[in-house]
Amino acid sequence: MTIQTKAALLRAYGEPLRIEAITLDEPGPGEVVVRLGATGVCHSDFHMLDGGFKTPLPTVLGHEGAGVVEAVGPEVRGVAVGDHVVLSWIPSCGRCRYCVEGRPALCVDRQGVERRGGPVRMHDAGGKDIHQFLDTSAFAERVLVRAEGVIPIAADVPLETAALVGCAVLTGIGAVARTARVEAGSGVAVIGCGGVGLNVIQGARLVGAAHIIAVDRRPAALALAREFGATETLDSSDPAAGDVARAIRKLSGGGVDYAFEVVGRPETIATAWESLAPGGTAVVVGLTKQNGQVTLRSDFLSEKKLLGCIFGSSVPRVDVPRVLELYRLGRLKLDELATRRYRLDEVNAALAVLDGGEAGRGVIVFE
Ligand SMILES: [Zn+2]
Ligand SMILES: [Zn+2]
């Protein structure tokens, strides 16, 4: 028996995604099938399109999903048919050194469907293998994933809101609360105010940062940044803004305690570094080029720190319910993140606007 579904396939780099009918295998031990309600469109999907980042092809992109469990395999515990769930693109093992330390985002034994060394579990109409992307492949009506990769949530949370929790929200808020552990009263700069950047901003507001300086080259993104808690904004496309790091230092009275880079470019990482006060911390949240190089001015006697970050160092089983409780209490904005809605067959348009600099997040909503 196999499961029929529809998915957006990336068959070759540089080509548009193609909507095709595909099949999923029946869920095996420890696996579940989720019928998706919504999938957010993340820059990490966009970065795969042209081959600048490699993933085995053909594949189905998409990793920010939420839906309803439709089938469970043997030996699945803690999740049942009918449960509403958020997908986690790091289905951590729970046993390795990092998982035991409470750092599942660094799990070295990720339990994705393909990672267990078994056969590929998605196939096209001709029976050929389709590879899973980031243990999710959520630009599809249904996904077959490990039970470790689904986090049950309350059924009254709209799925298009819950979907964004699975990447943008946990990454942004986690970068502040877990990776950097920003203290109340800190000065913060956020360079790049897309879907993740907006969550860095509201994470900084949540933990009580004093100044939150938002930097972007898109006026619409800066307007959203203010709604999400930025206290000051800097339009980096405005020549009058001059040197961005200097402008941040001026606004913050000598530099910020934390600078979050949410773009993934060497120049903006250097800007984050230069905008710090002595003792400050720069956090690279943006996805940087594989094996790229970053040049920083040596300034280590000031005890500056540079931190890497994956998935906001989040612990999804703890953080997803926490974030949704804060949303319920009106202390986090989640509904406002999704500014564009698409059907699955509009996925190429949804990805294309990420190049043009639209503000907010696009979401694919399934029937
Ligand atoms: Zn993402
Ligand atoms: Zn692990």
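I'd like the full set of residues that are in contact with a strand residue (DSSP E or B) (Cβ under 7 Å, 6 or more places away or on another chain) and either modelled with pLDDT under 95 or among the β-branched types (V, I, T) (or both), limited to the stretch 1-25.
Within the stretch 1-25, T2, I3, T5, I19, I22, T23 meet the criteria.
Counting residues that are open to solvent by 60 Å² or more (accessible area, probe 1.4 Å), which strands (runs of 3 or more DSSP E) fully inside the stretch 253-363 reach at least 2?
Passing ranges, in order: 305-308, 338-342.
Condition first: outside the structural domain of L61 (by TED's automatic domain parsing) and without any contact (Cβ under 8 Å) to a residue 24 or more places away in the chain. Can you find one or more residues in the stretch 173-195 that meet it?
Within the stretch 173-195 (the criterion being outside the structural domain of L61 (by TED's automatic domain parsing) and without any contact (Cβ under 8 Å) to a residue 24 or more places away in the chain), the answer is yes, since at least one residue qualifies.
Would you check if G102 is away from ligand 1 (no atom under 16 Å from the Cβ), touching a residue at least 60 places away in the same chain (Cβ under 8 Å) and either outside any loop (DSSP other than H, G, I, E, B) or touching a Lys or Arg at 6+ places or on another chain (Cβ under 6 Å) (or both)?
Against the criterion (away from ligand 1 (no atom under 16 Å from the Cβ), touching a residue at least 60 places away in the same chain (Cβ under 8 Å) and either outside any loop (DSSP other than H, G, I, E, B) or touching a Lys or Arg at 6+ places or on another chain (Cβ under 6 Å) (or both)), G102 does not qualify.
Looking at this structure, is R103 at pLDDT below 95 and among the basic types (K, R)?
In short, no.
When you go through (1) away from ligand 2 (no atom under 16 Å from the Cβ); (2) in contact with a Leu (Cβ under 9 Å, 6 or more places away or on another chain) one by one for T171, which number turns out not to apply?
So the condition that T171 fails would be (2).
Does S137 count as in a loop (DSSP other than H, G, I, E, B), away from ligand 2 (no atom under 11 Å from the Cβ), polar (S, T, N, Q) and under 27 Å from L159 (Cβ atoms)?
Yes; evaluated as a whole, the condition is true for this residue.
Let me confirm something: among V32, V86, V41, V81, which residue is more than 16 Å from ligand 1 (Cβ to nearest atom), under 29 Å from R178 (Cβ atoms), assigned by TED's automatic domain parsing to the domain that holds E141 and of a type in the set (A, V, I, L, M, F, W, C)?
Result of the check over V32, V86, V41, V81: V32.
Looking at this structure, is G28 touching a residue at least 60 places away in the same chain (Cβ under 8 Å), in a strand (DSSP E or B) and open to solvent by 10 Å² or more (accessible area, probe 1.4 Å)?
For G28, the condition - touching a residue at least 60 places away in the same chain (Cβ under 8 Å), in a strand (DSSP E or B) and open to solvent by 10 Å² or more (accessible area, probe 1.4 Å) - is not met.
Would a scan of the stretch 196-207 turn up a residue that is outside the structural domain of W89 (by TED's automatic domain parsing), open to solvent by 10 Å² or more (accessible area, probe 1.4 Å) and within 17 Å of the chain's Cα centre (by Cα)?
yes
Which of the following residues is within 16 Å of ligand 1 (Cβ to nearest atom) and not basic (K, R): L170, L159, L144?
L170
Tally up the residues in the stretch 170-186 that are closer than 13 Å to A282 by Cβ and open to solvent by 10 Å² or more (accessible area, probe 1.4 Å), please.
3
Provide a single number: the residues in the stretch 32-47 that are surrounded by fewer than 20 Cβ atoms within 10 Å (Cβ to Cβ) and in a loop (DSSP other than H, G, I, E, B).
Residues in the stretch 32-47 being surrounded by fewer than 20 Cβ atoms within 10 Å (Cβ to Cβ) and in a loop (DSSP other than H, G, I, E, B): 1 in total.
Just to be sure I understand, how many residues within the stretch 209-221 are open to solvent by 20 Å² or more (accessible area, probe 1.4 Å) and either in a loop (DSSP other than H, G, I, E, B) or out of contact with any helix residue (DSSP H, G or I) (no Cβ under 9 Å at 6 or more places or on another chain) (or both)?
Qualifying residue count for the region: 5.
Which residue, of V120, V157, is touching a residue at least 40 places away in the same chain (Cβ under 8 Å) and surrounded by fewer than 24 Cβ atoms within 10 Å (Cβ to Cβ)?
Exactly one of V120, V157 is touching a residue at least 40 places away in the same chain (Cβ under 8 Å) and surrounded by fewer than 24 Cβ atoms within 10 Å (Cβ to Cβ), namely V157.
With G292, G356 as the choices, which residue is touching a residue at least 12 places away in the same chain (Cβ under 8 Å) and of a type outside the set (K, R)?
It is G292.
Among the numbered criteria (1) in a loop (DSSP other than H, G, I, E, B); (2) of a type outside the set (F, W, Y); (3) within 16 Å of ligand 2 (Cβ to nearest atom), which one does V120 miss?
V120 satisfies every listed condition except (3).
Pick from G40, G65, G102: which is over 22 Å from R341 (Cβ atoms) and either within 16 Å of ligand 2 (Cβ to nearest atom) or under 17 Å from the mean Cα position of the chain (by Cα) (or both)?
One residue alone meets the criteria, G102.
The values are calculated or read from the model by the stated rules, or taken from the named source; none is laboratory data. Fair warning: this is a prediction, and the values are worked out from it, not measured in the lab. As a convention, Cβ positions derive from the backbone with ideal geometry for all residues, glycine included, and neighbour counts pool all protein chains shown. The accessibility values were calculated without ligands, DNA or RNA, using every heavy atom of the protein model including side chains. Shrake-Rupley method; radii C 1.70, N 1.55, O 1.52, S 1.80 Å.
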